[in-house]
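A quick write-up on the structure given underneath.
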Amino acid sequence: MRVGENLNAALHGLLESDPSAYVIGEDILDPYGGAFKITKGLSSRFPERVLGTPISESGITGLAAGLALCGDAAVVEIMFGDFVALAFDQIVNFAAKSVTMYGSRVPIRMVVRCPTGGGRGYGPTHSQSLQKHFVGVPGLSVYEMSPLHDNRQVFDAMLASGGPCVFFEDKILYTRHMNDVGDLFRHDVMPGAEDVARVFLDDPEKADCVIIAPGGMVDRAVRAMRGLLLEQEVTCCLLVPSRLYPFDAEPLLPVLRGARAVLVAEEGTAGGTWGSEVAHRIHRLIWNDLRRPVALVSSADSVIPTAAHLERAVLVQDSTIHDAVLEALRD
Amino acid sequence: MTETGAAVLHARRADDDDLALLLLIRHFELALLDLFGRGELNGTTHTCLGQEYVPVALRRLLADADHVFGNHRGHGHYLARFDDPAGLLAEIMGREGAVCGGVGGSQHILRDRYVSTGVQGESLPVAAGVALHLKRTEPGALACVFIGDGTWGEGAVYEALNLSSLWRLPLLVIVENNGIAQSTPTTRQMAGTVRARAEAFGVRHHGIESSDLSAIRDELAPLVAGVRSGGGPLVVEFATHRLGPHSKGDDTRDPETVRQARDNDWYRLYAEADPERFARADEAQRARVDAIVREVSARPPSRWRP
Ligand SMILES: Cc1ncc(C[n+]2csc(CCOP(=O)(O)OP(=O)(O)O)c2C)c(N)n1
Ligand SMILES: [Mg+2]
């Protein structure tokens, strides 16, 4: 099953099992079924709770918060994650604040879905990975879609959290297969951290390098790991959290302690990144056990160009991760 | 029937330059869809097939000092401003000679006083800012901004209308109402009308049904002059037709709607009005675009550093 199909099935399942659930967004109705076809079939089955909207990202995100305020579960699709910038106020100053700013806890069950990332030549305003802008907002959780996490479970977790969530979906993943880590590696769920998937060769606690990366990086990280293993005999263990923020590093420590290097990889551009938040947490916990500081891999500090050859030069590639691992392991 | 007859009659008045430009844009857009179909273009694009006449009609009402804001469906906006199909194609293909180095691509172009970007509704407040600047430093010049009907969903549109009406800014808003936004018919995304919305802010509104260039210019000339001379903003709403898909291969409209768009295509109306002259001009522009596609495709990739 492809990741996009898994996500579509998750939304079908959610609407089916929760009569208070809504899915709201631009051009999401059948037969179009959304710009990336993730909402296909939903409006035909649940016409009253699947709403195609005008081009009003701020308005529809506020609308979702209103539904959530009344106890409903609301999922908003932002056509391209870049446009979540228009909904920033509703997310940060209303939805996230409302959970706690009235002195007692107000549940806000809403998920803002953001198709994200580059590699498709859509240009500077349709290719960004804006995760970092939502890190560190009290009351707000940041999740990322992954081929190693069943989307229905992730949606259940997000809605059960009782707070608003922004869900980033690397667009490239939609057509990739679930749970595909190639023929060399195995994957499982990290013991003690249900939310974290693990990809490794044999003993995850004996890997030379641990790579922490969100779902959108899995393909690239696995390809880098393959090259490193076959060409350099370097073993890596990849950790893929579904929830990026708040980030709990504690359960990862047994794996991190054993490694000669730790690296965080993400597609967002350099500067004020999610990775620096993760690195900081790890440093605070096990600075003295680390052989060197956590290394960060991100895209260049740049707009994301349209032309394929220029875009490649800006965005994180397999080779970026490959080279960064070797660099981090150099004595 | 009578409506079509009238359009055909008027269409005789397109001069050679206008006809050449209309057809250049038409063949440019067709060439893009063809390049996509053959897998030779990366990314996405929105063609203005069916709407070419809007920027062509406006170009004679605009001056060099005016600023123009294109949008996501902006190839016609650009080509009506600059006779530079090769630069635009190079931009879209990421080749040497690209207007913006291949960084911006189809939707993000800046050249002299022309700018476009891909986020709906963003341009209107910016255009109001430019209009404010012009009002003080270059009286008589205006900011012209193209937006679609769907873009009226964005709140920024109303903030900009309010500001520009309050401050009587020289802002010309061109609405290309093609009855649809991506897959959503206007009737499902707009309550009320563009006219009533403009009027609610004390902004003048003028509707255009025709695709006849001279008629459009005659109607608009005094109104645009009013914008230049301190009359405040003006909204001009074209009832127009999107012939092709929103971007590529994503047309879910019913065949009847698409047929109606074809029936209203200026191309057909102009061809019928003067078949021989039209055919010659059509062939000339087709050949010009073919040659440009061949030449630009052979260029090396554009160069740029982050
Ligand atoms: C803020 C924002 N939301 C959504 C989009 C995606 N999008 C691009 S064009 C478009 C439809 C625009 O419709 P309209 O304004 O009527 O222009 P048309 O495409 O019909 O020319 C949409 C939804 C966008 N570019 N920006
Ligand atoms: Mg439209």
- Task: Output the number of the condition that B:Leu61 fails; it satisfies all remaining conditions of (1) open to solvent by less than 20 Å² (accessible area, probe 1.4 Å); (2) farther than 18 Å from B:Asp282 by Cβ; (3) assigned to a loop (DSSP other than H, G, I, E, B).
- Result: (1)
- Task: Return yes when A:Val240 is in a helix (DSSP H, G or I) and not acidic (Asp, Glu) and no when it is not.
- Result: no
- For segment A:318-328, does any single residue satisfy the condition of being in a loop (DSSP other than H, G, I, E, B) and more than 20 Å from the chain's Cα centre (by Cα)? no
- Task: Just need a number here: residues in segment A:177-206 that are of a type in the set (D, E, K, R) and in contact (Cβ under 8 Å) with a residue 40 or more places away in the chain.
- Result: 4
- Item | Near pairs, Cβ below 7 angstrom, 6+ apart or cross-chain, from segment B:137-162 (more than 10 Å from chain A (Cβ to nearest Cβ)) to any residue that is β-branched (Val, Ile, Thr) and in a loop (DSSP other than H, G, I, E, B) | B:Leu161/B:Val203
- Message: Of everything in segment A:126-156, what is among the basic types (Lys, Arg) and either surrounded by fewer than 21 Cβ atoms within 10 Å (Cβ to Cβ) or within 19 Å of A:Arg109 (Cα to Cα) (or both)? Give them in sequence order.
- Response: A:Arg152
- Name every residue in segment B:268-306 that is assigned to a helix (DSSP H, G or I), open to solvent by 50 Å² or more (accessible area, probe 1.4 Å) and touching a helix residue (DSSP H, G or I) at 6+ places or on another chain (Cβ under 6 Å), in order of residue number. B:Glu272, B:Arg286
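Quick grid of which residues meet (1) buried (at least 20 other Cβ atoms within 10 Å of the Cβ); (2) within 27 Å of A:Val166 (Cα to Cα):
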residue: A:Leu239; (1), (2): yes, yes
residue: A:Leu256; (1), (2): yes, no
residue: A:Thr269; (1), (2): yes, yes
residue: A:Ser299; (1), (2): yes, yes
residue: A:Leu310; (1), (2): yes, no
residue: A:Asp318; (1), (2): no, yes
- Among the residues of segment B:75-92, the number that are within 10 Å of chain A (Cβ to nearest Cβ) and surrounded by fewer than 24 Cβ atoms within 10 Å (Cβ to Cβ) is 0
- Restricting attention to segment A:1-15, report how many residues are touching a residue at least 40 places away in the same chain (Cβ under 8 Å) and either open to solvent by less than 60 Å² (accessible area, probe 1.4 Å) or touching a Cys at 6+ places or on another chain (Cβ under 8 Å) (or both). 9
- Quick one: would you say B:Val99 is of a type outside the set (Gly, Ala, Ser), open to solvent by 10 Å² or more (accessible area, probe 1.4 Å) and either in contact with a Pro (Cβ under 8 Å, 6 or more places away or on another chain) or within 28 Å of A:Thr53 (Cα to Cα) (or both)? no
- Message: Take B:Gly232 and tell me if it is in contact with a Phe, Trp or Tyr (Cβ under 9 Å, 6 or more places away or on another chain), modelled with pLDDT of 95 or more and buried (at least 17 other Cβ atoms within 10 Å of the Cβ).
- Response: yes
- From the residues in segment B:93-124 that are away from chain A (no Cβ under 12 Å) and touching a helix residue (DSSP H, G or I) at 6+ places or on another chain (Cβ under 6 Å), which one is nearest to A:Ala308 (Cα to Cα)? B:Gly97
- Residues of segment A:47-80 being touching a strand residue (DSSP E or B) at 6+ places or on another chain (Cβ under 7 Å) and either polar (S, T, N, Q) or over 23 Å from A:Gly13 (Cα atoms) (or both), which ones? A:Thr53, A:Ile55, A:Thr61, A:Phe80
- Query: Which one is surrounded by the fewest Cβ atoms within 10 Å (Cβ to Cβ) among residues in segment B:134-173 that are of a type in the set (Phe, Trp, Tyr) and within 14 Å of ligand 2 (Cβ to nearest atom)?
  - Reply: B:Trp152
- Item | segment B:175-214: number of residues that are of a type in the set (A, V, I, L, M, F, W, C), open to solvent by less than 20 Å² (accessible area, probe 1.4 Å) and away from ligand 2 (no atom under 16 Å from the Cβ) | 3
- Matching residues, segment B:207-224, being of a type outside the set (A, V, I, L, M) and touching a Phe, Trp or Tyr at 6+ places or on another chain (Cβ under 7 Å): B:Ser211
- Message: Quick check on my filter: what residues within segment A:16-37 are surrounded by 20 or more Cβ atoms within 10 Å (Cβ to Cβ) and away from chain B (no Cβ under 14 Å)?
- Response: A:Ala21, A:Tyr22, A:Val23
- Using beta carbons and a limit of 8 Å, which pairs, at least six apart or on different chains, have the first residue in segment A:271-283 and without any contact (Cβ under 8 Å) to a residue 12 or more places away in the chain and the second one of a type outside the set (Val, Ile, Thr) and surrounded by 17 or more Cβ atoms within 10 Å (Cβ to Cβ)? A:His283/A:Leu290
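Might you let me know whether segment A:258-265 holds any residue that is surrounded by 23 or more Cβ atoms within 10 Å (Cβ to Cβ), in contact (Cβ under 8 Å) with a residue 12 or more places away in the chain and of a type in the set (D, E, K, R)?
Taking every residue of segment A:258-265 in turn, none turns out to be surrounded by 23 or more Cβ atoms within 10 Å (Cβ to Cβ), in contact (Cβ under 8 Å) with a residue 12 or more places away in the chain and of a type in the set (D, E, K, R).
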- Message: Checking the conditions here, which among A:Leu63, A:Leu51 is within 14 Å of another protein chain (Cβ to nearest Cβ) and in a strand (DSSP E or B)?
- Response: A:Leu51
- Note: among A:Gly227, A:Gly182, just one is surrounded by fewer than 23 Cβ atoms within 10 Å (Cβ to Cβ) and in contact with a His (Cβ under 7 Å, 6 or more places away or on another chain), namely A:Gly227
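The values are calculated or read from the model by the stated rules, or taken from the named source; none is laboratory data. No experiment lies behind these values; they were computed from the predicted model shown. Here Cβ is always computed from backbone atoms with ideal geometry, including for glycine, and neighbour counts include all displayed protein chains. Accessible surface is based on the protein model in full, side chains and every heavy atom, while ligands, DNA and RNA are left aside. Shrake-Rupley method; radii C 1.70, N 1.55, O 1.52, S 1.80 Å.
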